[in-house]
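The values are calculated or read from the model by the stated rules, or taken from the named source; none is laboratory data. Just so you know, these numbers come straight off a predicted model, no measurement behind them. Here the Cβ positions follow ideal geometry from the backbone for every residue, glycine too, while neighbour counts run over all protein chains shown.
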């Protein structure tokens, strides 16, 4: 999506958020709300905002539950054009994502968050670095609310 500046040139809507959080349960609603507010400000459709919030919650919950080697983690949210990229970085010992995804089953006691993240976003990738931790990278393609002031003129048919 693009808006026009005063000269008529198309300008892309973009936002970058990055927060460092304590590895505590209370940090999850904070980052969920920050992401939701940024997406709402840019006129992202409610269903996509819900998907992003839930995907972030699952990724952050995994850090809180499993990254015992670290006291903090980082969440980055990049909104650009028609996508939102979310990166969650812990500084723990990492994990074997291929084994975790293979073993994840909807009725299993654990691992459902990975299945849920896969269902909510368009691209999910893990990078594991011993001594550096795990990076979860998610990309969600976005739809916009045509009635939002930022897009009202650009999304009209015709």
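Some values worked out for this structure:
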| item | result |
| --- | --- |
| Tally of residues being in contact with a strand residue (DSSP E or B) (Cβ under 7 Å, 6 or more places away or on another chain) and more than 30 Å from residue 69 (Cβ to Cβ) across region 131-144 | 3 |
| Failed item in (1) in contact with a helix residue (DSSP H, G or I) (Cβ under 9 Å, 6 or more places away or on another chain); (2) at pLDDT below 90; (3) surrounded by fewer than 15 Cβ atoms within 10 Å (Cβ to Cβ), with residue 156 passing the rest | (1) |
| Residue selected from region 101-130 under the condition modelled with pLDDT of 70 or more and out of contact with any strand residue (DSSP E or B) (no Cβ under 9 Å at 6 or more places or on another chain), by the criterion farthest from residue 90 (Cα to Cα) | 119 |
| Per-region count, region 15-34, residues in contact with a helix residue (DSSP H, G or I) (Cβ under 8 Å, 6 or more places away or on another chain) and part of a strand (DSSP E or B) | 4 |
| Of all residues in region 42-100 being surrounded by fewer than 18 Cβ atoms within 10 Å (Cβ to Cβ) and part of a strand (DSSP E or B), the one that is modelled with the lowest pLDDT | 80 |
